[in-house]
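The values are calculated or read from the model by the stated rules, or taken from the named source; none is laboratory data. Here the structure is a predicted model, which means the values were calculated and not measured. Neighbour counts run over all protein chains shown; Cβ positions are idealised from the backbone, glycine included. Note: accessible area is taken over every heavy atom of the protein model, side chains too, but ligands, DNA and RNA are not part of it. Shrake-Rupley method; radii C 1.70, N 1.55, O 1.52, S 1.80 Å.
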Amino acid sequence: MSVKQIAVFIENKKGSLADVTRFIADHKINLRALSIADTQDFGILRIITDNPDNARDILREAGYTVTATSVLAVAIDDAPGAMASVLEILNDADVVIEYTYAFMSSAPGKAYMIFRVDNNHKATAALTAKGVSVLSQSDLF
């Protein structure tokens, strides 16, 4: 099970992030999570939305460079050590983590983590075998 993440390349200049998020909002697309990685000249805005295909299409039509990537969304307890436990499961399964980011869920006592890994199937199998909830796009909304 995976979630579709949209990555948008934006210039690293004043107002760029505001512009792209306003554009997304004006098209009635809800952002659930985001992460930004930047360099001196550009940034990569990674977003989880309620409608990733539409987000990808409208952003491309507007001239943005956009990619879609399959990532894993995992529900964890909002408690000390929960993230470490998930990371240990992935490590023990020889799953390589390229990056991760987290956000709060609407469920009390839970947080969500997004993982970009080298093998979604292997990671999903390892996590579910240990009772970790791997979520779908609709689960996040």
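In Å, what is the Rg of the alpha-carbon atoms in the chain, and how long is Dmax?
Cα-based Rg and Dmax for the chain come out at 15.7, 46 Å.
Roughly how many debye, to the nearest 20, is the charge dipole of the chain about its Cα centre, given +1 on each Lys and Arg Cβ, -1 on each Asp and Glu Cβ, and no other charges? Numbers along the way, then the final one.
On the way: 13 positive and 17 negative charges, 49 e Å.
So the dipole magnitude of the chain works out to roughly 240 debye.
For the range 19-25, what does the Karplus curve 6.51 cos²θ - 1.76 cosθ + 1.60, with θ = phi - 60°, yield as ³J(HN,Hα) per residue in whole Hz, taken in order and with x for Gly and Pro?
4, 5, 5, 5, 4, 4, 5
Need one number: nm distance between label points at Lys13 and Lys130, each 7 Å from Cα along Cα→Cβ, rounded to one decimal.
If labels sit at Lys13 and Lys130, their model points lie 4.5 nm apart.
Which of the trypsin sites (Lys or Arg not before Pro) found in the range 24-63 are in a DSSP loop and have at most 15 neighbouring Cβ atoms, other than their own, within 10 Å?
In loop regions of the range 24-63 (DSSP not H, G, I, E or B), the sparsely surrounded trypsin sites (Lys or Arg not before Pro) are Lys28.
Return one quarter of the surface area of the convex hull spanned by the alpha-carbon atoms of the range 1-83, equal to its mean projected area, in nm².
Working: hull surface 26.4 nm².
In nm², the orientation-averaged hull projection of the range 1-83 is 6.6.
Could you tell me the relative contact order of the chain? Use alpha-carbon pairs under 8 Å, at least six residues apart, and round to a whole percent. Before the final figure, lay out each step's value.
Numbers: 250 pairs, mean separation 40.9, N = 141.
Worked out over the chain, it gives 29 percent.
Compute the helix-to-body angle for 82-92: its Cα long axis versus the longest principal axis of the chain, expressed 0 to 90° and rounded to tens.
The angle comes out at about 80 degrees.
For the range 73-137, what is the largest minus smallest coordinate of the Cα atoms on each principal axis, given in angstrom and ordered from greatest to least?
31, 24, 20
What number comes out for accessible area per residue over the chain if the probe is 1.4 Å? Units Å², please.
54
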